[in-house]
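Written below as structure tokens is the structure these notes are about.
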């Protein structure tokens, strides 16, 4: 067949390697047949060669699907809001089989692992919570528009979680805190320098921040936090009592103060101790060093 690009020579069959993206990671498929023009090096695929390439790509993708861990299986049910009976019915498997996989009492077969991955592929929210590559990609996207000059640490964390649809359980597990502690950070209820250095370093790492980003976020947080002592009441449209009402009031006060800080340029700039930032940076360097070794 004459080359459709240069018309100077006929295509000849050769084998090449081709890169494909699998779960966000570039992998190479070898020994793929195609047609190449010796003169201009133009490459085309016949219909049969295209089919063979698709077969190899699909087989390759399926073979490298990571085996789901018991933790991921439990988390998937939480994301889908399903009980054991519901997820077993959805996957058309025997009752309680999923429960045994969750508890690590039996191994997940390759075919069932693939079936669960096919289910996950239908839910973007599941992928971002279950797989590091998907999580990191979405966090990086969210950071680009959530990290502004006036944003506090609490508002930044809230906005990224909302934008990425990350579960708070997942965020807490990665950062190493309880949900109650995360919510206090979200509401700027913690004095910035009272956040443990380990937690601050984990926040930097998880949300792909620099130490300069952290300093700026904490200084904005300090503005909001310093105003809290002057605010003790917020009007509620509906009266409420108990922990639920207290949580709503804390969120309401925080949002009012965040907006006030943005709009009132007269609020003096406050600074975070350089010693605190050094301790956070040192902890971050130590953890990164251990991971590389």
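Things worth noting here:
- Spans of helices (runs of 4 or more DSSP H) in the range 95-175 with at least 3 residues within 26 Å of residue 225 (Cβ to Cβ) and assigned by TED's automatic domain parsing to the domain that holds residue 224: 132-146, 153-164, 168-175
- Apart from one condition, residue 133 fits all of (1) in contact with a strand residue (DSSP E or B) (Cβ under 8 Å, 6 or more places away or on another chain); (2) free of Cβ contacts under 8 Å to residues at least 12 places away in the same chain; the exception is (2).
- The range 65-94, residues that are part of a loop (DSSP other than H, G, I, E, B) and within 27 Å of residue 171 (Cβ to Cβ): 65, 66, 67, 68, 69, 81, 82, 83
- For residue 15, the conditions (1) closer than 30 Å to residue 133 by Cα; (2) assigned to a strand (DSSP E or B) are fulfilled apart from (1).
- Cβ separations smaller than 9 Å between residues 6+ apart or across chains give the following pairs from the range 201-214 residues that are assigned by TED's automatic domain parsing to the domain that holds residue 155 to residues that are surrounded by 15 or more Cβ atoms within 10 Å (Cβ to Cβ) and not in a helix (DSSP H, G or I): 202/177; 203/195; 203/209; 207/147; 209/147; 213/147; 213/207; 214/272.
- Residues satisfying the criterion are present in the range 23-34 (criterion: within 34 Å of the chain's Cα centre (by Cα), in a loop (DSSP other than H, G, I, E, B) and surrounded by 11 or more Cβ atoms within 10 Å (Cβ to Cβ)).
For (1) closer than 30 Å to residue 76 by Cβ; (2) surrounded by 21 or more Cβ atoms within 10 Å (Cβ to Cβ), each residue gets a yes or a no:
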| residue | (1), (2) |
| --- | --- |
| 152 | no, yes |
| 170 | yes, no |
| 174 | yes, no |
| 194 | no, no |
| 198 | yes, no |
| 219 | no, no |
| 228 | no, no |
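- Checklist (1) touching a residue at least 40 places away in the same chain (Cβ under 8 Å); (2) crowded, with 21+ Cβ neighbours inside 10 Å applied to residue 164, failing item: (1)
The values are calculated or read from the model by the stated rules, or taken from the named source; none is laboratory data. All figures in this text were calculated on a predicted structure; none of them were measured in a lab. With ideal geometry, Cβ positions are generated from the backbone for all residues, glycine too; neighbour counts draw on all protein chains shown.
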